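The structure under discussion appears below in the form of structure tokens.
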Amino acid sequence: MLNYIRGHLAFAAHPMAGKKRVIAVNGAVTSFLRKRWGIAKVRADGDLHHAVDAAVIACTTDGMIQRVSRFYQREELSHARGERFPEPWPRFRDELMQRLSSCPQENLLTINPVYYTTADIAGIKPVFVSRMPRHKATGPAHKETIKGRLDDTYVTQRRSITDLKLNKDGEIDGYFNPSSDTLLYNALKDRLVAFGGNGKKAFAEPFFKPRADGTPGAQVRKVKLYSKVTSTVPVHGGNGVADNDTMVRVDVYYIPGDGYYWVPIYVADTVKPILPNRAVVAHKSYSEWKEMSEENFLFSLCKNDLVCIESKRPIKLKAANKDSTLEKELSVQRVLAYFEGGDISTGAVSVTTHDNAYIARGLGFKTLQKVEKYQVDVLGNYTRVKKEKRQLFPAQRR
């Protein structure tokens, strides 16, 4: 990469530029300089530490390395007592920290009056991290586990007896057709009750199916449970179903007087002759989802697409990393963030701030005041996407 940039990147002439315009800087050197300049690198606070490294690397010239070497030579000879470790320029650290803050224009004249007296301070913007949207439309069509289909809403699956638990009525939650073998069901239930409904403790030891005469029969490891599903993929000729796997994108719609909706597009949908048009309705099965019209289509969102969201209710942003030194929670009405994905069970979406410092989960999509999509270039400049045409896959173009 170093040789490629040297051979293909053209630099403008500058009187202060040396002969070497592209150099490789050892990571240990930048780490050493960063510490000496009093610059902390906290990875848990987000991705702006990459900007810190970039600034340090930009200052790590041959001249700087020579200055550092001379400093240590003098220190060894005891001539450097009371002498500060050389910075690229006075108050370099203070200026860097200010430029990385949310209000980078403040205090710059005080920190570095020589440069900023003639600079356009009003045009300085906060650092914005650019991310590449994930437009990949490949991956598994469905999860590996195959389930039995009861109807459009419920499926059955054989599960380990250690997964069993009691519901609020004191019965085994989701147990399929207990009347088919009441002896087994009651024995399982009694064992669960004895251990406070904890399946892992109740069946830590082998459990045997009781016979009518009271003697133990075959060992029971799994039983059939039923559960509610939202969206599945038919398999084995329709005899079974599996959960959808990778969500390629969500298609966003807005119905005036009603609100925002989104249609999930999975890998399995990319090979179907017609794209799905049913939008997620919270806590409803797929058959109860709302049918969308093309005239209400706004745009598609993939992972890492930039969106601006406004809400009447406060949007709660929580620190993405538990070791973060930032405030643990922020509350805002408007946020410019990267799209993470959607939950078809609740209809909610999740977003992360541009620097990956905070995440907002469980945002109710339908009741948001405004949802706008933005396009970001590699330098972090972003522009609003006003309207898109719904993109089809090859299977729908045939």
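The values are calculated or read from the model by the stated rules, or taken from the named source; none is laboratory data. Since the structure is predicted, the reported quantities are computational estimates derived from the model, not experimental observations. Don't worry about glycine lacking a Cβ; one is built from the backbone with ideal geometry, like all the others, and counts go over all protein chains shown. To get the accessible areas, we keep the full protein, side chains included, count just its heavy atoms, and leave off ligands, DNA and RNA. Shrake-Rupley method; radii C 1.70, N 1.55, O 1.52, S 1.80 Å.
Any idea what Rg and Dmax come out to for the stretch 292-372 if you just take the C-alpha atoms, in Å?
13.1, 46
Suppose we flag GluC sites (Glu not before Pro) only when DSSP calls them loop and at most 15 other Cβ atoms lie within 10 Å. Which is the longest uninterrupted stretch of the chain?
172-326
Calculated from DSSP H runs of 4 or more alone, at -39500 (n - 2.57) each and per residue, what is the 222 nm mean residue ellipticity of the chain, nearest 500? Intermediate values should be presented prior to the final figure.
On the way: 10 runs with 80 residues, N = 398.
So the helix-based figure for the chain works out to -5500 deg cm²/dmol.
Considering just Cα atoms, how many Å³ per residue does the convex hull of the stretch 260-309 enclose?
114
With the other protein chains left in place, how much accessible area per residue, in square angstrom, belongs to the stretch 274-390 at a 1.4 angstrom probe?
It amounts to 55 Å² per residue over the stretch 274-390.
In degrees, nearest 10, range 0 to 90: what is the angle between the Cα axis of helix 182-194 and the longest Cα principal axis of the chain?
Helix 182-194 sits roughly 40 degrees off the main axis of the chain.
Using only the Cα atoms, work out Rg/Rh for the stretch 357-398, with Rh taken as the Kirkwood radius, to two decimals.
1.09
Just the number, please: carbon plus sulfur as a percent of the accessible area of the stretch 344-398, 1.4 Å probe, no ligands or DNA/RNA counted.
Roughly 49 percent of what the probe reaches on the stretch 344-398 is carbon or sulfur.
Helix 49-59 versus the longest principal axis of the chain: what is the Cα-based angle in degrees, 0 to 90, to the nearest 10?
Rounded to the nearest ten degrees, it is 20.
Using +1 at the C-beta of Lys and Arg and -1 at the C-beta of Asp and Glu, which of Ile265, Leu330, Gln369 has the Cα lying farthest in the positive direction of the dipole of the chain?
Result: Ile265, furthest along the dipole toward the positive end.
With a cut-off of 8 Å between alpha carbons and a minimum separation of six or more residues, what is the relative contact order of the chain in percent?
The value is 14 percent.
May I ask for the angle, rounded to the nearest 10°, between helix 27-36 and the longest principal axis of the chain, with both axes built from Cα atoms and the value confined to 0 to 90°?
The angle comes out at about 70 degrees.
Using the crude model of +1 on Lys and Arg Cβ and -1 on Asp and Glu Cβ, and no other charge, please compute the dipole size for the chain relative to its Cα centre, in debye to 20. Intermediate results must be reported in sequence, preceding the final value.
Working: 62 positive and 43 negative charges, 127 e Å.
Using Cβ point charges on Lys, Arg, Asp and Glu, the chain gives about 600 debye.
Can you give the relative contact order of the stretch 46-196 as a percent, counting alpha carbon pairs under 8 Å and 6+ residues apart?
Value for the stretch 46-196: 12 percent.
Rounded if a/c is under 1.5, else prolate if a/b is larger than b/c, else oblate: which is the stretch 148-233, with a ≥ b ≥ c the root eigenvalues of its Cα gyration tensor?
prolate
Once neighbouring chains are kept in place and the probe is 1.4 Å, which whole percent of the accessible area of the stretch 168-286 is contributed by carbon and sulfur?
52
What is the extension gain from Asn177 to Gln375, computed as 0.36 nm multiplied by their sequence separation minus the C-alpha to C-alpha distance, in nm to one decimal?
66.0 nm
How much accessible area per residue does the stretch 178-268 have, in Å², with a 1.4 Å probe?
52
Only sites in a loop by DSSP and with at most 15 other Cβ atoms within 10 Å count here; which trypsin sites (Lys or Arg not before Pro) in the stretch 16-117 make the cut?
Passing sites in the stretch 16-117 are Lys19, Lys20, Arg21, Lys41, Arg81, Arg84, Arg91.
Taking every pair of alpha-carbon atoms in the chain, give the share separated by more than 28 Å as a whole percent.
Values: 51822 of 79003 pairs.
Of the Cα pairs, 66 percent sit more than 28 Å apart.
Does the stretch 3-82 classify as rounded, prolate or oblate by the C-alpha gyration tensor (a ≥ b ≥ c root eigenvalues; a/c under 1.5 gives rounded; else a/b over b/c gives prolate, otherwise oblate)?
Because a/c hits 1.5 or more and a/b fails to exceed b/c, the stretch 3-82 counts as oblate.
P(r) of the stretch 245-398 in 5 Å steps, Cα pairs, percent per bin?
Result, from short to long distances: 2, 9, 17, 21, 20, 15, 9, 4, 2, 0, 0 percent.
Would you kindly work out the equivalent ellipsoid of the stretch 39-189 from its C-alpha gyration tensor and give its semi-axes, the square roots of five times the eigenvalues, largest first in whole Å?
With the √(5λ) rule applied to the stretch 39-189, the semi-axes are 66, 22, 17 Å.
Restricting to Cα pairs below 8 Å that are 6+ residues apart, what does the relative contact order work out to for the stretch 310-398? Please round to a whole percent.
Once normalised by length, the contact order is 23 percent.
Tabulate in residue order the Karplus-calculated ³J(HN,Hα) for the stretch 110-122, using 6.51 cos²θ - 1.76 cosθ + 1.60 with θ = phi - 60°, rounded to whole Hz; enter x for Gly and Pro.
For the stretch 110-122, the Karplus-derived couplings read 6, 6, 9, x, 4, 7, 7, 5, 9, 8, 7, 5, 4 Hz, x marking Gly and Pro.
Under a crude label model (7 Å from the Cα following the beta-carbon direction), how far is Tyr115 from Arg390 in nanometres?
5.1
May I ask you to list the trypsin sites (Lys or Arg not before Pro) in the stretch 155-203 that are in a DSSP loop and have at most 11 other Cβ atoms within 10 Å of their Cβ?
Answer by residue number: Lys168.
Just the Cα atoms of the stretch 212-320: what Rg and Dmax do they give in Å?
Rg then Dmax for the stretch 212-320, in Å: 20.4, 68.
Accessible area of the stretch 37-150 with a 1.4 Å probe: how many percent of it is carbon plus sulfur? Please report the intermediate quantities before stating the final value.
On the way: 3990 of 7340 Å².
The C+S portion of the solvent-accessible surface of the stretch 37-150 is 54 percent.
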